[in-house]
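K.L.:
This is the structure I have questions about; it appears just below.
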Amino acid sequence: MLGLALTAACAACAPFEIVTMESNHITYRHAFTDAATAAARGSAERLCGQKKQVAVRIGGTCSLTDCTTHYQCMDQAAAEQYR
């Protein structure tokens, strides 16, 4: 919860927005840039890491200007099987 609070507190300075965060599923909306994609990935890794899990990108879509990306927090063994 602390990670979500810190992310929300700095929403204006982040190149992404957390659209939903339910259980182990996180959805981001971010610009269609490498930097914004990396920032969203880093956020997912931090949030999942707080649960001692890894972030696995499970899907997403992009337009020419923005993206919606979905991550799932999984334990390491499940993540290896998913990939």
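K.L.:
I need the full set of residues from segment 46-66 which are of a type in the set (A, V, I, L, M, F, W, C) and more than 12 Å from the chain's Cα centre (by Cα), in order please. So that I can check it myself, show each step before the final result.
P.N.:
Kept after step one, since they are of a type in the set (A, V, I, L, M, F, W, C), are these residues of segment 46-66: 47-48, 54-56, 58, 62, 64.
Correct list: 62, 64.
K.L.:
Conditions: (1) surrounded by 15 or more Cβ atoms within 10 Å (Cβ to Cβ); (2) farther than 15 Å from residue 19 by Cβ. Residue 46 meets all but one. Number of the miss?
P.N.:
Tallying (1) surrounded by 15 or more Cβ atoms within 10 Å (Cβ to Cβ); (2) farther than 15 Å from residue 19 by Cβ, residue 46 fails exactly one: (1).
K.L.:
Same structure again: Cβ-Cβ below 6 Å, separation at least six or inter-chain, first residue in segment 24-40 and of a type in the set (Lys, Arg), second modelled with pLDDT of 95 or more: which pairs?
P.N.:
The qualifying pairs are 29/68.
K.L.:
Looking only at segment 13-27, which residues are surrounded by 13 or more Cβ atoms within 10 Å (Cβ to Cβ) and either within 8 Å of the chain's Cα centre (by Cα) or at pLDDT 95 or above (or both)?
P.N.:
18, 26, 27
K.L.:
Within segment 28-43, track down each residue that is under 10 Å from the mean Cα position of the chain (by Cα) and either surrounded by fewer than 18 Cβ atoms within 10 Å (Cβ to Cβ) or on the phi > 0 side of the Ramachandran plot (or both).
P.N.:
29, 38, 39, 41, 42, listed by residue number.
The values are calculated or read from the model by the stated rules, or taken from the named source; none is laboratory data. Owing to the predicted nature of the structure, the values given are computational and were not obtained by experimental measurement. Methodologically, a virtual Cβ is constructed for each residue, glycine included, from the backbone with ideal geometry; neighbour enumeration extends over all protein chains shown.
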